[in-house]
Amino acid sequence: MRAKVNQNIDLNEYNGVWIIAEQVDKEIHPVTIELIGEGKKLASQLGKETCVIIAGYEMEDIAKKILHYGVDKVIYLDNKLLKEYTTDAYSIVLSNLIKEKKPEIVLIGATSIGRDLGPRLAAKLGTGLTADCTKLEIDEKDKKLLQTRPAFGGNLMATIICPKNRPQMSTVRPGVMEKAKYNEDIKGEFEIISPILFENDIKTKFIKKEKNSNKKLNLVDAKIIVSGGRGLKNKNGFELIEQLAKVLNGEVGSSRAAVDSGWIDHIHQVGQTGTTVHPDLYIACGISGAIQHLAGMQESKYIVAINKDASAPIFEICDYGIIGDLYEVIPSLIKSIQEKNILEL
Ligand SMILES: Cc1cc2nc3c(=O)[nH]c(=O)nc-3n(C[C@H](O)[C@H](O)[C@H](O)COP(=O)(O)OP(=O)(O)OC[C@H]3O[C@@H](n4cnc5c(N)ncnc54)[C@H](O)[C@@H]3O)c2cc1C
């Protein structure tokens with residue numbers, strides 16, 4: 001089915017910056033706070049208001065807490081059928097609200113849910129969507145949203161505009177934008193809407209949720225990450241990476257090559273099509289430093305690379321480089337960390 005594009009719309013009818021909040025089991029995803037930080041910046045450049053929309057069921061208190069992040073308004077959509085995310089239910093209620101209220105910008109997190117919801121919403125609204133943005137700005141001349149994202153395999157950055165349709169919609173990568181600050185005081189307005197929704201509107205059925213990892217991995221907020229790449233040669237190599245991560249109290253990351261080889265789950269992948277991270281310390285083990293990997297970790301405070309090839313591109317961006325076989329370097333690193341009893345870096 002082809003999406004219908006809106007034609008001849010009056011751009012002046014559209015107003016304000018909207019953030020679609022994400023919640024799972026009534027827990028707000030951190031990207032929502034990052035989008036609020038960015039949305040407030042854009043709204044102030046436009047001289048317009050920031051509004052957060054959150055959908056769920058029996059979670060008014062949680063929705064109200066968003067006002068602590070300094071937004072002008074929170075709209076909470078409450079319906080039993082919105083308790084769990086489904087593409088149909090969420091895209092119906094959100095597209096109806098957007099058609100009615102006409103925001104000029106809509107921001108969504110580029111999470112698994114956001115990557116599913118964004119295109120469906122854009123198609124229902126007949127507007128454009130720039131996926132996976134890493135930078136947003138307002139054009140000083142015509143006030144249009146400039147949406148920047150990696151293109152052509154990450155080899156260049158493309159800036160995209162949505163000149164003729166509204167809203168201007170972007171999904172934004174988690175971990176890239178600065179989080180909004182929490183304030184004790186609340187100034188904004190709170191509204192509850194109970195949208196009309198029928199079970200027949202939803203073609204899929206929620207059966208159950210299964211977590212694919214025992215441990216809750218949080219690469220975005222990790223202070224120390226030890227990542228393994230194809231240089232590990234096999235799945236067992238990640239045991240060594242885990243040992244180093246453990247003595248440093250860090251998390252385990254990986255390159256895409258390690259994920260594609262089936263050695264580790266995709267949730268550990270760092271890079272353009274994985275997670276964007278900015279820890280205090282990033283240790284890249286057996287990772288060459290392809291541009292798509294660097295796109296997700298080059299903002300780390302300190303980068304250490306362990307690679308046996310002195311000409312590997314990772315050495316061009318690291319702060320400390322160790323040329324050697326990771327199977328010799330890592331055990332001796334672990335030993336000296338344990339001997340010296342380094343608890344804090
Ligand atoms: C559209 C697109 C999106 C992509 N997204 C991502 C992404 O999100 N993340 C990502 O990582 N990649 C991504 N890639 C893939 C990327 O281009 C590279 O292929 C990938 O990063 C390579 O992974 P690697 O460094 O582990 O493997 P390689 O490039 O094969 O490097 C392995 C390194 O290990 C070293 N080595 C070998 N043995 C040892 C040893 N014993 N001791 C020490 N060093 C050793 C080698 O010298 C080599 O430098 C993407 C590609 C495309 C086209």
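None of the figures in this text is laboratory data; all of them are computed from the coordinates on show. A quick note: this is a predicted structure, and the numbers were derived from the prediction, not measured. Because the Cβ atoms are built from the backbone with ideal geometry, glycine has one as well, and the counts that use them run over all protein chains shown.
Annotations for the structure displayed:
- The trypsin sites (Lys or Arg not before Pro) found in the range 262-345 that occupy coil by DSSP, while having at most 15 further C-beta atoms within 10 Å, are LYS301, LYS308.
- Restriction of the GluC sites (Glu not before Pro) in the range 145-252 to DSSP coil positions whose beta-carbon has at most 15 other beta-carbons within 10 angstrom yields GLU178, GLU184, GLU210.
- The stretch between ASP88 and GLU100, if pulled fully straight at 0.36 nm per residue, gains 2.5 nm over its current Cα-Cα span.
- This ranking places SER255, SER288, SER170, SER336 by how few other beta-carbon atoms lie within 10 Å of each, fewest first, which gives SER336, SER288, SER170, SER255.
- Simple spin-label estimate for ASP25 and ALA310 in nanometres, 7 Å along Cα-Cβ: 5.1 nm
- If a spin label sat at a point 7 angstrom from the Cα of GLU191 along the line to its beta carbon, the backbone N atoms of the range 73-88 nearer than 17 Å would be those of 73-79.
- Degrees separating the helix 237-247 axis from the principal Cα axis of the chain, which is the longest one: 80 degrees
- Angle in degrees between helix 326-340 and the longest Cα principal axis of the chain, rounded to the nearest 10: 90 degrees
- In the range 53-162, chymotrypsin sites (Phe, Trp or Tyr not before Pro) in a DSSP loop with at most 14 other beta-carbon atoms within 10 Å: TYR57
- Only Cα sites of the chain enter the Debye sum here, all with the same form factor; the resulting log10 I(q)/I(0) across q = 0.10, 0.15 1/Å is -0.67, -1.22, listed in q order.
- Nitroxide proxy distance, nm - points 7 Å out along Cα→Cβ at SER44 and LYS164: 3.5 nm
- Note on LYS135 and LYS65: their simple-model spin labels are 3.4 nm apart, each label 7 Å out from Cα toward Cβ.
- Residue-count net charge about ALA63 - beta-carbon cut-off 11 Å; Lys, Arg +1, Asp, Glu -1: -2
- Coordinate range along principal axes, alpha carbons of the range 302-342, Å, largest first: 32, 21, 7
- Net dipole in debye of the range 12-201 [+1 Lys, Arg Cβ; -1 Asp, Glu Cβ; about Cα centre; nearest 20]: 660 debye
- For the range 33-47 and the range 73-131, distance of Cα centres in Å: 18 Å
- At R0 = 41 Å, FRET efficiency that the Cβ-Cβ distance of LEU11 and LYS216 yields, to 0.05: 0.45
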